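The numbers here are math on the coordinates, done by the rules we state, and not lab data. Since we're looking at a predicted model, the values are computed, not measured. Glycine also receives a Cβ, built like all others from the backbone with ideal geometry; neighbour counts cover every protein chain displayed.
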Amino acid sequence: MKSSNLLETRNKILKLVDEQNSWRKKCINLIASENVMSPMAEKVYLSDFMHRYAEGEPFARYYNGTKYIDQIEILVQEMLGELLGAEFVDPRPISGTVANLAVFSVLTKSGDSIMSLSTPTGGHISHNKYGGPTALRLRVYNYAFDYETMNIDVDKTRRDLKSEGIEPRLFVLGASLFLFPHPVREISDLAEEYNATVVYDAAHVLGLIVGGEFQKPFKEGADVLTSSTHKTFPGPQGGLIATNSDELFTKLKKGVFPRMTSNHHLHRLPALGITALEMFSFGKDYARQIVKNAKTLAEEAYALGLPIIAEHLGFTRSHQIALDMEKIGLSGKEAADLAERANIIVNKNLLPWEPLKNVRDPSGVRIGVQEMTRFGMKESEMKTIAELLKRLWLDRETPEKIKEEVINLRDNFQKVEYCLGG
Ligand SMILES: Cc1ncc(COP(=O)(O)O)c(C=O)c1O
């Protein structure tokens, strides 16, 4: 690169970062997989730890200079264990995907079969053949899905396994489109018939689980929990694995290191610890408000004529709602693009009954209210958002006109709530 361009490019990078920071303060972010950390978590995130290595386990590292991260990592393990009702927690996976890969890699061998939800019915890419399972040479079979209950059809899945002679090693639960709790108990009974392990991927709902507003995977029979730490759980981007089995944990840790990570991006851990503390203090209120907000947004939007799915089931029991935009003559992409012009950020999403080939232009939109809840929005703001979405998607008002109202609404919700002061 020419030296004259160096300065120009530096300035461009600085400007783009500034623009992102100020733009996102003017947006209503409804992406279901995102969140923001508290100021204190952000403060400890930017530390010397971001430059360091600590391969191995606390107080048994392959590097020197780790005496402080050793202590932090143990505190984080203990706090997350208490929040999750798990005896053993490994917070070293650097993402939910890495956590899943680490678990699958030690609990299966090449050629084994695993069960998961298909992508349209909510399964994450890391549960399916386009993701990690193929790298591990696994065969992926998908659960039968009942569109009426919007959930796994356990009886049909049992019959399918028998008739096709499939013997799964793992039953993966949890999803990216995750409106209703999964039948963990029933799947755990089915898994027992195959002497298989139940892995519950809590990436989306971790904050709701620790806040007591969603199902309790371990109590209901899950053997292993994997997760991201940055969706409804509002921590730094990263992952974790938890279990109550000493025997399993010995294996799972090896999946994380040395298999799927070397260093585990240490600066995440103090921020994860601060977020865990916040969940001890505020998790219940925060999770309760998220579910209330999601329900309110769904009910209000539906009453205004927006095509929210699963009305017969009360729309949702999580942080998410989903819309079938085809019903009002838009594709998911068109709807999401219109919303972005109004500073409302949502993502297009496959709906359970759609073919996978629609993935680039699906008919659905997925919405999550956890981030706006974290910024203090409650039911009355959900009503306002429902009206803005109706004007945007049903009345087809000019997005740029709605944008001004979005900026004004968001302006009153700039402070992260449910967090520690000081
Ligand atoms: C169910 C599920 N599992 C795992 C992941 C992957 O998480 P990460 O982005 O932390 O790798 C996601 C991401 O959205 C998800 O929805």
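Taking a ≥ b ≥ c as the square roots of the eigenvalues of the Cα gyration tensor of the stretch 108-173, is the shape rounded (a/c under 1.5), prolate (a/b larger than b/c) or oblate?
oblate
What is the gain in length, in nm to one decimal, between Asn64 and Lys156 on full extension, counting 0.36 nm per residue of separation less the C-alpha to C-alpha distance?
Full extension from Asn64 to Lys156 adds 27.7 nm.
What relative contact order, as a whole-number percentage, does the chain give when Cα pairs under 8 Å and 6 or more residues apart are counted?
22
Within a Cβ distance under 9 Å of Leu240, other residues only, what is the Lys/Arg minus Asp/Glu net charge?
Every neighbour counted, the sum reads 0.
Using a 7 Å offset from the Cα along the Cα-to-Cβ direction at both Asn195 and Val359, what is the distance between the two label points in nm, to one decimal?
Calculated label separation equals 3.5 nm.
Enumerate the calculated ³J(HN,Hα) couplings along the stretch 244-255 in order (Karplus 6.51 cos²θ - 1.76 cosθ + 1.60, θ = phi - 60°), each rounded to whole Hz, writing x wherever the residue is Gly or Pro.
Result, rounded to whole Hz: 10, 9, 4, 4, 5, 4, 4, 6, 4, 4, 5, x.
Compute the label zone of Thr134 within the stretch 351-367: residues whose backbone N is under 16 Å from the point 7 Å along Cα-to-Cβ.
356-360
With Cβ to Cβ distances under 14 Å as the rule, what net charge do the other residues near Ala135 carry (K, R +1; D, E -1)?
Surrounding charge for Ala135 is +4.
For the stretch 42-275, what does the relative contact order come out to in percent, with C-alpha contacts under 8 Å and a separation of six or more?
Relative contact order for the stretch 42-275 comes out at 29 percent.
What relative contact order, as a whole-number percentage, does the stretch 118-184 give when Cα pairs under 8 Å and 6 or more residues apart are counted?
32
When the helix-only estimate is applied to the chain (DSSP H runs of n ≥ 4, each -39,500 (n - 2.57), divided by the residue count), what is the mean residue ellipticity at 222 nm, nearest 500 deg cm²/dmol?
-13000 deg cm²/dmol
Between Ile74, Ile367, Ile328, where does the largest GNM mean-square fluctuation fall for the chain, given springs only between Cα atoms within less than 10 Å?
Ile328
Calculate the translational D of the chain in whole µm² s⁻¹ from Stokes-Einstein, where the hydrodynamic radius comes from the Kirkwood formula applied to all Cα pairs, the temperature is 10 °C and the viscosity 1.306 mPa s.
71
What three numbers, in Å, describe the spread of the alpha carbons of the stretch 42-275 along their principal axes, ordered from the longest?
Here the Cα extents, ordered largest to smallest, are 57, 36, 29 Å.
Return the subset of Lys129/Lys162; Lys162/Lys295; Lys67/Lys219 for which the Cα-Cα distance in this structure is over 29 Å, preserving the input order.
The answer is Lys162/Lys295; Lys67/Lys219.
Specify which residue in the list Ala276, Gln215, Gly255 is farthest towards the positive end of the charge dipole of the stretch 198-301, using unit charges on the beta carbon of Lys, Arg (+1) and Asp, Glu (-1), about the Cα centre.
Gly255
What's the exposure ranking of Met115, Met1, Met279, Met79, going from fewest to most Cβ atoms within 10 Å?
Met1, Met79, Met279, Met115
What residues of the stretch 201-242 lie in the reach of a label at Ile31, counting those whose backbone N is under 20 Å from a point 7 Å from the Cα along Cα→Cβ?
Once the point is set 7 Å along Cα→Cβ of Ile31, 202-208, 227-240 turn out to lie under 20 Å by backbone N, inside the stretch 201-242.
What is the stretch 158-304 by shape, rounded, prolate or oblate, if you read a ≥ b ≥ c off the alpha carbon gyration tensor as root eigenvalues and call it rounded for a/c under 1.5, prolate for a/b larger than b/c, and oblate otherwise?
The shape class here is oblate.
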